[in-house]
1. For the stretch 297-311, state whether one or more residues are open to solvent by 10 Å² or more (accessible area, probe 1.4 Å), more than 21 Å from Glu273 (Cα to Cα) and assigned to a loop (DSSP other than H, G, I, E, B).
2. Identify the single condition in (1) at pLDDT 95 or above; (2) within 24 Å of Arg155 (Cα to Cα); (3) in contact with a Leu (Cβ under 7 Å, 6 or more places away or on another chain); (4) not acidic (Asp, Glu) that Thr275 does not satisfy, given that it satisfies every other one.
3. Which of the residues that make up the stretch 111-144 are surrounded by 15 or more Cβ atoms within 10 Å (Cβ to Cβ), outside any helix (DSSP H, G or I) and either at pLDDT 85 or above or of a type outside the set (A, V, I, L, M, F, W, C) (or both)?
4. For residues in the stretch 261-272 being farther than 19 Å from Asn220 by Cα and open to solvent by less than 10 Å² (accessible area, probe 1.4 Å), which is modelled with the lowest pLDDT?
5. Out of the residues in the stretch 199-254 meeting the condition of being among the small types (Gly, Ala, Ser) and within 20 Å of Arg123 (Cβ to Cβ), tell me which one is most open to solvent (accessible area, probe 1.4 Å).
6. What are the pairs with Cβ atoms under 7 angstrom where one residue, in the stretch 150-166, is touching a residue at least 12 places away in the same chain (Cβ under 8 Å) and the other, located anywhere, is open to solvent by 60 Å² or more (accessible area, probe 1.4 Å) and in a helix (DSSP H, G or I)? Sequence gap at least six, or different chains.
7. Exactly one condition in (1) more than 22 Å from Val390 (Cα to Cα); (2) part of a loop (DSSP other than H, G, I, E, B) is false for Leu271; which is it?
8. List every residue pair whose Cβ atoms sit under 9 Å apart, with the two residues 6 or more apart in sequence or on different chains, where the first one lies in the stretch 16-34 and is surrounded by 13 or more Cβ atoms within 10 Å (Cβ to Cβ) and the second, anywhere, is of a type in the set (Lys, Arg).
Amino acid sequence: MDSFDDPILTGLSAYLGADAAEALLDRINNFSNQPNAIKGMAKSAGDPPAERAALALVEDAGLAVALGLAPSPDVEIRYLTSQPQEFWGLLTLAARVDVGVVDRVAGLLDDDANVARKLATIRRAAAKHAADLAKPSAPAAPGPDLPQKVSEVKRWLAAHPDVDPTDLALHPDQKAAGRNAAIRALGTIATPQALTVLGQYAQESYPDAVLGELHKAWGNFDRREFAATMFRQSPYTLDLGVAPSIEGIGAVPDLTSLDVVLTDGADLSPLAECTALRTLRVGAEGAPGLLGVEPILGLPELTELHLTRITRNADLTPLVGLAVRRMRLDLDGADGSFLLRMPGLERLRLSGGSTAEDPTTITDVEARPAHPDLAGVVLALVRKGVRVAVYRHQRSWVTGLIDAAEADPDIFTVELSGTIALTNDESELERIRKRLFANLLP
């Protein structure tokens, strides 16, 4: 293989050396087809240097043409139709480092069923690899007469008042129900030793049932110690699911991305010390909803922000002080004119509000209609070069917005699955459509 003629090999050699790079690409290409290459590389042993190199290559704009992520400037084509087998093998390895890369490239690929299946396989493989890495090397043996269901824990603890927390340690072949019961028991015991044992159950991501148990236990311990023990930054994001509070989250080291739905008033104060955060997604569920945005105004690295569900009781205008580029925002009836003063904004998915006649996802508070000037704000954003996506079901304001957009020769729209995106660049419509298909920001 001649690296002079192969930009992929040349790029990989810069990270791994020529021999190792050639061996890796030969291995990928020796599989009979692309799906088998994905499955084969997914089964390969962990190789952090190769995985980091693969991530760097997949995200290297200079290799986009070679990897099939962009059309050749010498060929006039509208749709990308294929990627080389090397791309799929490298993406499988790259997803082990940052599974978010799968979503980032999805918008650059054709949205046919074969591509969707390949991407789904890679996501599953990355999740399995992360779970395998999180398994303890020497799990403890199970203690006697352990509770096997959460419903048994209270009675079991009453019968074992002097239980040694190590009896509840992670053990081989532990079933999900028994794991949940052990976590409930350790969270109830709530001693320093119990937290040490509980740390054996720590992973980069958790099923919803386990997250529910962790949120019940969090307040029984020192919240910072618990957060530092049980939560960690995964390659993609720390997903806390549905939580009443995130007090103590600042103790999680190297936190760069967080997803959470807050139920007892969305208090963002604990995030003020998370200065490395680049992505933040918060859903404010249940009255009074989002309490304010001031705590996140000092996050210097924040580039993507999602504030959704109930935001009506918060003043959103201070967001102009953030340099975010990508945003998903539920205005919940508020005036959105402050968005025009956000200099870094590039992509926006916007919910303006709903009347009683519009379908809505907010069921526990009265629907609030969109601000009467919102359509004009959206049009002004699009003219400035911001890509904006809105929801067709919010007919009370979106219908007029689309009518005005269609009457403007400098604004172009694309719709998919009830989401309508607007842009001032007609050449971006196909790329935006693919991003909508992947449920990404436009």
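The values are calculated or read from the model by the stated rules, or taken from the named source; none is laboratory data. Since the model is a prediction, treat every value here as computed from it, not as a measurement. Glycine gets a Cβ as well: all are built from the backbone with ideal geometry, and neighbour counts include every protein chain shown. We work out accessible area using only protein heavy atoms, side chains counted, and drop any ligands, DNA or RNA first. Shrake-Rupley method; radii C 1.70, N 1.55, O 1.52, S 1.80 Å.
1. Scanning the stretch 297-311, I find no residue that is open to solvent by 10 Å² or more (accessible area, probe 1.4 Å), more than 21 Å from Glu273 (Cα to Cα) and assigned to a loop (DSSP other than H, G, I, E, B), so the answer is no.
2. Thr275 satisfies all of (1) at pLDDT 95 or above; (2) within 24 Å of Arg155 (Cα to Cα); (3) in contact with a Leu (Cβ under 7 Å, 6 or more places away or on another chain); (4) not acidic (Asp, Glu) except (2).
3. Asp111, Pro142, Gly143
4. Selected residue: Gly265.
5. Step one: of the stretch 199-254, the residues among the small types (Gly, Ala, Ser) are 199, 202, 205, 209, 212, 217, 219, 227-228, 234, 241, 243, 245, 248, 250-251.
Right, trim to within 20 Å of Arg123 (Cβ to Cβ) and you get 205, 234, 241.
Numbers: Ser205: 77, Ser234: 16, Gly241: 17 Å².
Here the answer is Ser205.
6. Going by the 7 Å Cβ cut-off, the qualifying pairs are Val150/Arg184; Val153/Arg184; Val153/Thr188; Leu157/Thr188; Pro165/Gln193.
7. Only one criterion is unmet by Leu271, namely (2).
8. Here the result reads Phe31/Lys39; Gln34/Lys118, each pair linking the stretch 16-34 to a residue that is of a type in the set (Lys, Arg).
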